[in-house]
Amino acid sequence: MKLSLAVEILDHIFSFLVSHKRTLRECSRDPVLSPIVERHLYHQITVDFGDGDDLERYRFSKLVSDNPRIPYYVKILQIQVYLDHSTEDDDILRKHLDDFNAKTLLMFPVLECIILKTSNKRLCSWPDLFRAALEDRLSLPTLKEVHIVGNQEFPCSLIDNRKNIENLFLQIPSFRDVDEHRSCDSTLPQLKSLTLLNSLLPSLKPHIKELRSLKCARSGVDNLPELLGVCSQTLNKLDIDLAYSCCKAQVFF
């Protein structure tokens with residue numbers, strides 16, 4: 001009983017260190033602490049592409065393959081694609097993304113959040129195999145949140161049949177809204193929370209009829225009347241970031 005209580009206390013303490021990877025790695029070297037620390041060490045994982053660090057990705061893929069318990073610890077998966085200074089051509093980059101799909105992406109069964117982060121200067125197009133695996137993970141019942149950051153193709157139709165997705169974060173300065181003219185369907189899944197750091201995408205309108213929380217940056221204020229016209233009956237929190245980081249105005253309904 002005492003041992004069980006001690007484990008619970010340690011687990012609670014380490015939960016506050018999720019963002020302190022270096023500390024968790026050091027603690028994981030202890031054979032007694034390691035089983036407790038691992039679930040927090042691998043709570044959020046970032047995988048980089050386009051930086052030439054193939055060895056690091058290989059090590060990570062091998063780690064989760066050799067330790068089948070680890071994928072169950074990963075709740076937040078961030079995939080970053082560096083294109084601005086990449087020495088890899090597009091074909092090699094696409095192959096690396098598809099290889100990651102085949103070896104690793106489909107191994108995570110309890111993801112709660114997926115973050116796709118790309119460069120702003122160059123458009124990133126996801127290759128077919130990677131996108132298929134991504135769509136599969138977006139359908140996980142545990143997945144509630146998606147972040148899209150950077151210049152990338154991500155049609156809003158990807159969330160059309162996924163009622164599990166409740167929270168969407170968009171920071172996409174150059175977004176190809178390829179679904180802009182699709183027909184509206186009243187049965188589309190409804191977001192509960194939306195962070196919009198650019199203009200409103202027309203294809204998002206069917207998804208925000210029951211929105212409860214909205215955060216938008218100064219650049220999105222021009223679209224505020226349009227947004228409120230869609231979700232004013234359900235919205236109870238509005239957060240306008242006028243300075244993008246240092247000055248906020250919060251309004252509660």
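Observations, loosely collected:
- Pairs where the first residue, in segment 4-30, is more than 17 Å from Ile45 (Cβ to Cβ) and the second is surrounded by 14 or more Cβ atoms within 10 Å (Cβ to Cβ), C-beta under 7 Å, 6+ apart: Val7/Ile36; Leu10/Ile36; Asp11/Ile36; Cys27/Leu33; Cys27/Val37
- Answer residue from segment 29-60, given it is under 24 Å from Lys144 (Cα atoms) and hydroxyl-bearing (Ser, Thr, Tyr) and is surrounded by the most Cβ atoms within 10 Å (Cβ to Cβ) among those: Tyr42
- When His20, His12 are checked against the criterion of being at pLDDT below 90, surrounded by 12 or more Cβ atoms within 10 Å (Cβ to Cβ) and outside the structural domain of His96 (by TED's automatic domain parsing), His20 stands alone in meeting it.
- Candidates Pro189, Pro141, Pro127, filtered to the one that is modelled with pLDDT of 75 or more and under 21 Å from Asp48 (Cα atoms): Pro127
The values are calculated or read from the model by the stated rules, or taken from the named source; none is laboratory data. Small disclaimer: the values here were computed from a predicted structure and weren't measured. Positions of Cβ are backbone-derived with ideal geometry, glycine not excepted, and every protein chain shown enters the neighbour counts.
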